[in-house]
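The values are calculated or read from the model by the stated rules, or taken from the named source; none is laboratory data. A quick note: this is a predicted structure, and the numbers were derived from the prediction, not measured. Note: ideal-geometry Cβ built from the backbone for every residue, glycine included; neighbour counts use all protein chains shown. We work out accessible area using only protein heavy atoms, side chains counted, and drop any ligands, DNA or RNA first. Shrake-Rupley method; radii C 1.70, N 1.55, O 1.52, S 1.80 Å.
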Amino acid sequence: MKIAIGCDHGGISLKGEIVPLLQELGHVVDDKGCFATESVDYPDFAKAVCAQVQNGSCERGILICGTGVGMSMVANRFEGIRAALCNELFTARMSREHNDANVLCMGARVVGPGLAVEIVREWVSTEFAGGRHQRRIDMF
Ligand code: RB5
């Protein structure tokens, strides 16, 4: 699938690990930056990634900042975006199965690259269970 990815300066190193992983897994990556380590404002990158998901250019998005908190706060303000902050595997799986999360947020200062890689693997490969979970999503 096509996946948009974005980060701020706190997440740029981890983004550098996640982009090739997604490509190895056969996904097409739309990298919205940032591309340098200078301090930037995470809302700019959250907006860019969410726009790609909202307009259908990308099926899903991944956002990385220091904690993942700022990115998830911004992303969830956009209509149709269901962003999940996942810094461990169980939440990553359940955010797909039960919540049909279309944006994954991670904190590069919270998770190491090894765990982040496993979180992304889990999140991109887990299907939404539908049924009662769709009914609940339709309520918001
Ligand atoms: C940047 O220093 C930091 O505030 C940002 O990466 C993120 O953690 C915000 O939620």
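The table below lists the values:
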{"item": "Reciprocal of mean inverse Cα separation for the chain (Kirkwood radius, Å)", "result": "14.5 Å"}
{"item": "Radius 13 Å from Cβ of G80, net charge of other residues (Lys, Arg +1; Asp, Glu -1)", "result": "-1"}
{"item": "Carbon/sulfur fraction of accessible area - the chain, other protein chains in place, 1.4 Å, %", "result": "50 percent"}
{"item": "Sites R109 and K47, calculated FRET efficiency, Cβ-Cβ separation with R0 22 Å, nearest 0.05", "result": "0.50"}
{"item": "Gained length - A129 relative to F35, 0.36 nm times residue gap less alpha-carbon distance", "result": "30.3 nm"}
{"item": "Under 18 Å from K32, Cα to Cα: aspartates and glutamates that are on another chain or at least 8 residues apart", "result": "D8, E17, D41, D44, E59"}
{"item": "L21-M73 pseudo-label distance in nm [points 7 Å out on the Cα-to-Cβ vector]", "result": "2.6 nm"}
{"item": "Nearest 10 degrees, 0 to 90: helix 113-125 Cα axis against the chain principal axis", "result": "30 degrees"}
